[in-house]
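Okay, structure first, notes after.
The values are calculated or read from the model by the stated rules, or taken from the named source; none is laboratory data. Bear in mind the structure is a predicted one, so any value in this text is a computation, not a measurement. Cβ placement follows ideal geometry from the backbone for every residue including glycine, while neighbour counts extend to all protein chains displayed. In case anyone asks, the SASA skips ligands and DNA or RNA and just uses the protein heavy atoms, side chains included. Shrake-Rupley method; radii C 1.70, N 1.55, O 1.52, S 1.80 Å.
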Amino acid sequence: MNSEVSKNPRGKNSLAAVKGGDRTRTILIQVAVVVVLLALIAAIAISIAIKHSNNVKRDAANRPAVTAPASPDGLTGSITDKGAIRIGKPGAKATVRVVADLQCPVCKQFEAANGQVLSDEVNNGNIAVEYNVISFLDQNSGGTRYSSRGANAAYCVADADPSKFQAWLSAMYQQQPEEGAGGLPDSKIIQIATATGITDPSVAKCVTDDKFDAYVQKSTQDVFSTGINGTPTVFVNGTKVQTQDALFTPGGMKSSIEAALK
């Protein structure tokens, strides 16, 4: 009988067993980490999806309706799929699209030169005008966010009474503050709306509450995503107006409109 005490009382495979146990624990830890990471990624994805869904619902809820009844002479308004305020009468033969910012001095020049032409042609039933009033010049309004607030107010006015929108827009440009000097306060914007015949108290609340601000920001990004990079940008029946004379000579748009009506 061999009376020698074994130098490995646990058996010759005990070291391998320990190593095997370590590997098993390592694998289990790695699996647990992967499971936690996958759960975290899933939670983030769900959170993003919910946030996106809520944003879509919010934008849809705040989308201007512009459902006011047509004026006695048939002038009415709507919102286009590009976020533009469309003003015109049924059966208009041509469409002018104007992309503008209420803080933009060059847009003021365009309005001074052609605002009356556009208004007359709309009232005559010849054209509809789609106003993409966007916001990208907040940095030029002395910290007052006038570009965004002005665009919000444009939707407020159109939503309440599209037949008075062009008159309000013209008055807003006439009182446009200089860049960097600070924008018009909400009270002044409301005063201009009242002076142009828009007396519905909901308009004042819409202006002070920035009701359509989220929609303004979204439509601004949508416009720039199409390649437009400045204001004013003007189209007649989808064709961009390129000449300075047409944009800034008094009545310069008349010839472009007449050509589109033929």
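Observations on the model:
- Going by accessible surface with a 1.4 Å probe and the largest first, T233, T208 read T208, T233.
- By average C-beta atoms within 10 angstrom, highest first, the peptides 170-179, 134-143: 134-143, 170-179
- Carbon plus sulfur fraction of accessible area for the range 97-171, probe 1.4 Å, in percent: 47 percent
- S255/Q221 FRET efficiency (R0 30 Å; Cβ-Cβ; nearest 0.05): 0.35
- Looking at the range 166-259, the accessible area is 51 square angstrom per residue; that uses a 1.4 Å probe and ignores ligands, DNA and RNA.
- Nearest-10 value in Å² for the accessible area of D186, using the 1.4 Å probe: 40 Å²
- Two-site label geometry, T239 and T194: point separation in nm, points 7 Å out along Cα→Cβ: 4.6 nm
- Distance from the range 209-241 to the range 153-205 (C-alpha centre basis), Å: 19 Å
- Spin-label model, I228/A171: points 7 Å from Cα along the beta carbon direction are separated by 2.5 nm.
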